[in-house]
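Data block below; observations after.
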Amino acid sequence: MIITKIKGGLGNQLFQYALGRAVALHHKLPLKLDLTIFKTYKLHRYLLDQFAIQADIATENEIINLKGGNNVLFSALRKAGLVKRKSYFKEKRSSYFDASVFKNNFVYLDGYWQNELYFSDIRELLLRELSPISSMSDLGCDYLKFIKKSNSVSVHVRRGNYLNTKNINVLDVDYYTEAVEYIRKNVEKPTFYVFSDDLEWCKNSLGFLDNCIYVDRTQTEIDDLRLMSLCRHNIIANSSFSWWGAWLNQNPKKTVIAPKGWLLNDPGSSNVILSDWVKL
């Protein structure tokens, strides 16, 4: 049995599912999800049920059998290394590929797994399974009509909780200026579609953008993710959410621009960026 812990926002949940699915397929076993954290999680909600995923929800007993006890004492002992279980696999270093995660066929997976090498071999399958199962909102469909008619470029600006989070490199106007200049030199007559959790800041700070549409009042994160993925090109933030918007983009000639500084004080975090993406 393969169980993967689901935590964080939509982008993180997609990484955790993709890794778990890859490990489960490697061993020809079903995948189960540990959603325990969402019983008390206030910052984010579980969203993978909005996609055509192939996974069941793990029971409490199944989780305990692989992970061990879920109480505070057991968790503290495990974190201190005083209790070890072969069936519990904790990610050792964020965004680094660790092939040993595929060794065990009876395992609980705990991490963020932000490296495409874990699941690049099953891209076509994931493109199918990570398709939303619900129809897009009417407003989302209106935006999509314009996106399909233009040489569309999504621009994602992540601020919100990033402003108060340590080790997060909040991208400044210079990054977006450089990224837009690169697109203008390489894409004919681009139209920019801006997605953000702070559109007011974008409107005040990205005045250099012409031929620009601010994507506002869409109903769900799912709609935003789908719209970004259907743009022809992408300018992403150091955000797993817009990372997936670019990864799910199936345009074979797409240009994806990503920040080379993903996290502060962690050069290895740039492993999350694909080799054929442009780093600025």
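The values are calculated or read from the model by the stated rules, or taken from the named source; none is laboratory data. A quick note: this is a predicted structure, and the numbers were derived from the prediction, not measured. Every residue, glycine as well, gets a Cβ built from its backbone with ideal geometry; the counts of neighbours run over all protein chains shown. These area figures cover heavy atoms from the full protein model, side chains too; ligands, DNA and RNA do not enter into them. Shrake-Rupley method; radii C 1.70, N 1.55, O 1.52, S 1.80 Å.
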Taking the Cα centre of the chain as the origin and placing charges on Cβ (Lys, Arg +1; Asp, Glu -1), which of 115, 99, 245 is farthest toward the positive end of the dipole? 99
Quick one: angle between helix 221-230 and the longest Cα principal axis of the chain, in degrees between 0 and 90, rounded to 10, please. 60
Spelling out what I want: for every residue of region 240-247, take phi, set θ = phi - 60°, compute 6.51 cos²θ - 1.76 cosθ + 1.60 (Karplus), and round to whole Hz; glycine and proline get x. 5, 5, 6, 4, 6, x, 6, 5
Can you bin region 144-224 into rounded, prolate or oblate? Criterion: square roots of the alpha carbon gyration tensor eigenvalues sorted a ≥ b ≥ c, rounded for a/c under 1.5, prolate for a/b above b/c, oblate for the rest. oblate
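Taking the Cα centre of region 178-235 as origin, work out the dipole magnitude from +1 charges on Lys and Arg Cβ and -1 charges on Asp and Glu Cβ, in debye rounded to 20. Mind showing how you got there, number by number?
Details: 7 positive and 11 negative charges, 66 e Å.
Its charge dipole is roughly 320 debye.
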Sorted by chain and number, the residues with a modelled amide H under 5 Å from that of residue 213, at a separation of 5 or more or across chains, are 192, 193, 194
Given the whole protein assembly as supplied and a 1.4 Å probe, what does the accessible area of residue 10 come to in Å², nearest 10? 0
Measure nothing fancy, just the Cα-based angle from helix 138-149's long axis to the longest principal axis of the chain, in degrees from 0 to 90, nearest 10. 60
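What FRET efficiency comes out for the pair residue 254/residue 49, r = Cβ-Cβ distance, R0 = 41 Å, nearest 0.05?
After rounding to 0.05, the efficiency reads 0.90.
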Of 136, 1, which has the most accessible area with a 1.4 Å probe, and how do the rest follow in descending order? 1, 136
For region 89-245, with only Lys/Arg (+1) and Asp/Glu (-1) charged at the beta-carbon, what is the dipole magnitude about the Cα centre, in debye rounded to 20? 260
From the residues 222, 186, 55, which one has its Cα farthest along the dipole of the chain in the positive direction, the dipole being from +1 and -1 charges on Cβ of Lys/Arg and Asp/Glu about the Cα centre? 55
Starting from the amide H of residue 51, placed 1.01 Å from N in the peptide plane, find each other amide H under 5 Å away whose residue is 5 or more places distant or on another chain. 133
Taking a 25 Å limit on the Cα-Cα distance, which of the listed pairs 92/254; 92/260; 39/203; 166/279; 32/86; 5/92 fall beyond it? 92/254; 39/203
Computed magnitude of the charge dipole of the chain (debye, nearest 20; Cβ of K, R +1, Cβ of D, E -1): 820
Region 41-62 residues near the modelled residue 133 label - backbone nitrogen below 11 Å, point 7 Å along Cα→Cβ: 48-56
Each label sits 7 Å from Cα toward the beta-carbon; between residue 274 and residue 200 the label points are separated, in nm, by 3.6
The chain: angle of helix 10-27 to the longest principal axis, Cα-based, in degrees nearest 10: 50
Whichever aspartates and glutamates have a C-alpha closer than 16 Å to that of residue 28, once near sequence neighbours (fewer than 8 apart) are set aside: 56, 121
Packing rank of 101-110, 236-245, where each peptide gets the mean count of other beta carbons within 10 Å, highest leading: 236-245, 101-110
